[in-house]
C-alpha cells in the first residue's frame with residue numbers, strides 16, 4: 001500500500017472511518033493519556049498539564065516549557081479541540 | 001395643558017442602554033487568562049509594528065512614555081458576559097502609533113508577550129477607537145490586567161484587547177488569532193452579540 005503525498009482526492013477513505021477509534025478514545029478517561037510536547041519533547045499526562053480557564057476556553061500548557069498543548073472551547077452547539085501543540089497522544093488500551 | 005418637560009430635555013444614557021445584549025454588570029474586574037501572567041520589565045519592553053513589506057517600527061518603554069497620552073473613560077464588555085462601565089485608562093492612541101506607518105494592510109494581528117494573538121480589522125484600531133494602555137484607574141496597569149501595557153479596543157469584546165501587548169502585525173489578508181481559531185467570532189461586536197462563529 002502506498003500513502004499519497006499530502007491530502008488529495010486519492011485518499012481511500014474520509015473521516016467517517018475515524019469515528020470508531022475516536023469514540024473509543026474519548027470514551028476513555030483522557031486525563032491519563034500521555035501527550036508529547038511539540039515544543040520541548042517532554043511527555044506529560046494530561047492530568048498534569050497546567051490548565052488556564054475555564055473561560056473563554058480551557059488552555060492546557062506543558063508543565064516543562066509552558067507551551068500550549070491542548071485547547072478546548074465549548075460553544076453553544078460545538079466542541080472545538082486543538083491538539084496542535086502535541087506530536088502524539090498516547091492512551092492506555094486493553095491488550096490484544 | 002400639561003407638559004412632560006423631561007422628555008424635551010433628553011436624559012443621560014442610562015445603565016440599561018449601555019449594556020449590550022446578554023451582558024450583566026459587574027463592579028469587579030475579573031481576571032481571565034490563557035496563560036501565566038507575563039512579568040515584563042520596562043527595560044526589556046519593546047513595542048513593535050510590522051508592515052506587510054517587513055518594515056518594522058519599534059518603541060522602547062521610554063519612547064512609548066514620551067508619546068502624547070490620553071485618558072479615556074469607556075465601558076468594557078467581556079465575551080463571558082460581564083460588562084464594566086466607566087473604566088478609566090491612560091495610554092497612547094493607535095492613531096499616534098500608526099501615524100507614520102505606511103501600509104496598504106486592511107487587517108492587524110496583535111501579538112502579546114506569552115504568545116497570545118488576536119486579529120482585528122485595521123480600521124477598528126484607528127479614528128480614536130483603540131489605545132495601547134499602560135494606566136488604569138489612575139495607577140500603573142497591573143500585570144494581571146495586562147501591564148505593563150495592553151491593547152484597549154472597548155467597542156469589541158474584551159478578548160480583542162490583548163494583555164501584555166508586544167507587537168502589531170499589519171496584514172493584507174485576515175487571519176484568525178488565538179481564540180478566533182477555536183470557535184470565537186472573527187470580529188466580536190458586543191452589540192450584535194458576536195460571541196461565536198456564525199453569530
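Coordinate-derived values only; no laboratory data. Just so it is clear, the structure is predicted and the values come from calculations on it, not from any experiment. Glycine also receives a Cβ, built like all others from the backbone with ideal geometry; neighbour counts cover every protein chain displayed.
What is the range B:64-116 by shape, rounded, prolate or oblate, if you read a ≥ b ≥ c off the alpha carbon gyration tensor as root eigenvalues and call it rounded for a/c under 1.5, prolate for a/b larger than b/c, and oblate otherwise? Cα axes put the range B:64-116 in the oblate bin. When the Gaussian network model of chain B links Cα atoms closer than 10 Å, the mean-square fluctuations of B:89, B:164, B:61 top out at B:61. Summary value for chain B: 23 percent relative contact order, contacts being C-alpha pairs under 8 angstrom separated by 6+ residues.
GNM remark for chain B: springs join alpha carbons under 10 Å apart, and the peak mean-square fluctuation among B:44, B:52, B:173 falls on B:44. As a proxy for reagent exposure, A:87, B:87 were ordered by neighbouring Cβ count within 10 angstrom, fewest first; the result is A:87, B:87. Given their separation in residues at 0.36 nm each and the Cα-Cα distance between them, residue B:139 and residue B:25 gain 38.8 nm when the chain is fully extended. Taking 0.36 nm per residue of separation and subtracting the current Cα-Cα distance, fully stretching the chain between residue B:66 and residue B:106 would add 11.6 nm.
The fewest-to-most ranking of B:168, B:76 by surrounding Cβ atoms within 10 Å reads B:76, B:168.
Please say if the range B:59-169 is rounded, prolate or oblate, where rounded means a/c under 1.5 for a ≥ b ≥ c the square roots of the C-alpha gyration tensor eigenvalues, and otherwise the choice is prolate for a/b larger than b/c and oblate otherwise? Judged from the Cα gyration tensor, the range B:59-169 comes out rounded (a/c under 1.5). Cβ crowding within 10 Å, taken as a proxy for footprinting-reagent exposure, orders A:52, B:116 from fewest neighbours to most as A:52, B:116. Remark on the protein assembly as shown: ratio of C-alpha radius of gyration to 2.2 N^0.38 Å is 1.19.
Note on chain B: helix-only mean residue ellipticity at 222 nm, from DSSP H runs of 4+ residues weighted -39500 (n - 2.57) and normalised by residue number, equals -1500 deg cm²/dmol. Relative contact order of the range A:24-90, please, whole-number percent, based on alpha carbon pairs below 8 angstrom and at least 6 residues apart. Relative contact order of the range A:24-90: 29 percent.
What residue among B:171, B:65, B:109 shows peak mean-square fluctuation when chain B is described by a Gaussian network model with Cα springs under 10 Å? Evaluated over chain B, the most mobile residue of the options is B:65. In this simple spin-label approximation, residue B:123 and residue A:34 carry label points 7 Å from Cα along the Cα→Cβ vector, and these lie 5.4 nm apart.
Counting only other chain Cβ atoms within 10 Å of each residue's Cβ, the peptide A:63-69 averages 2. For the range A:24-90, just say rounded, prolate or oblate: build the C-alpha gyration tensor, square-root its eigenvalues into a ≥ b ≥ c, call rounded for a/c under 1.5, and beyond that prolate if a/b exceeds b/c, oblate if not. Oblate shape, in that a/c is at least 1.5 and b/c is the bigger or equal ratio. So if we plug the beta-carbon distance of residue A:90 and residue B:57 into 1/(1 + (r/R0)^6) with R0 = 45 Å, what FRET efficiency do we get, rounded to 0.05? Calculated value: 0.50.
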